1. For the stretch 22-34, indicate whether the set of residues that are out of contact with any Asp or Glu (no Cβ under 6 Å at 6 or more places or on another chain), among the acidic types (D, E) and closer than 19 Å to T5 by Cβ is non-empty.
2. Could you list, in sequence order, the residues of the stretch 88-103 that are surrounded by 12 or more Cβ atoms within 10 Å (Cβ to Cβ) and of a type outside the set (F, W, Y)?
Amino acid sequence: MITATHVVVYADDPEQARAFVRDVLEMANVDIHGGWLIFQLPPAELGVHPAGEGSPGGHHELFLMCDDIDRTVAELTAKGADFSVPISTERFGRLTRMRIPGGGEIGLYQPSHPTAYGLER
């Protein structure tokens, strides 16, 4: 079912941000095309925090990754998951969005490009 997490960080200067992650944080990566690096992350955990006054600002997106989005959507729907948009096919993969009760939406994503989550350090 879910195979990994893909975290998106938006940067005003993405080349500088990628260089920092690659050279300073020394994260392994794959180049999916022309210097567009996808980084391997360490194991992660997820905390659900209250929104509203006093919460940090900014834009964040979380995508759960899978290897077969049709099967995964069917399995999750059977368990009560609600998807807000149909599966779409983009140049980088297939994706949809899943509603999290009381917590907005997260993406579900089947990449068509090389991934970084299985890289060895």
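The values are calculated or read from the model by the stated rules, or taken from the named source; none is laboratory data. Please read these numbers as outputs of a predicted model, since none were measured by experiment. Glycine also receives a Cβ, built like all others from the backbone with ideal geometry; neighbour counts cover every protein chain displayed.
1. Checked the stretch 22-34: no residue is out of contact with any Asp or Glu (no Cβ under 6 Å at 6 or more places or on another chain), among the acidic types (D, E) and closer than 19 Å to T5 by Cβ.
2. Result: G93, R94, L95, T96, R97, M98, R99, I100.
Condition check ((1) closer than 16 Å to I100 by Cβ; (2) touching a Cys at 6+ places or on another chain (Cβ under 7 Å); (3) polar (S, T, N, Q); (4) surrounded by fewer than 11 Cβ atoms within 10 Å (Cβ to Cβ)) across all residues:
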residue: M27; (1), (2), (3), (4): no, no, no, no
residue: P43; (1), (2), (3), (4): no, no, no, yes
residue: C66; (1), (2), (3), (4): no, no, no, no
residue: D82; (1), (2), (3), (4): yes, no, no, no
residue: P86; (1), (2), (3), (4): no, no, no, yes
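Okay, residues lined up against (1) out of contact with any strand residue (DSSP E or B) (no Cβ under 8 Å at 6 or more places or on another chain); (2) modelled with pLDDT under 90; (3) outside any loop (DSSP other than H, G, I, E, B):
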residue: V30; (1), (2), (3): no, no, yes
residue: L37; (1), (2), (3): no, no, yes
residue: E45; (1), (2), (3): yes, yes, no
residue: P56; (1), (2), (3): yes, yes, no
residue: H59; (1), (2), (3): yes, yes, no
residue: R71; (1), (2), (3): yes, no, yes
residue: T89; (1), (2), (3): yes, no, yes
residue: T96; (1), (2), (3): no, no, yes
residue: H113; (1), (2), (3): no, no, no
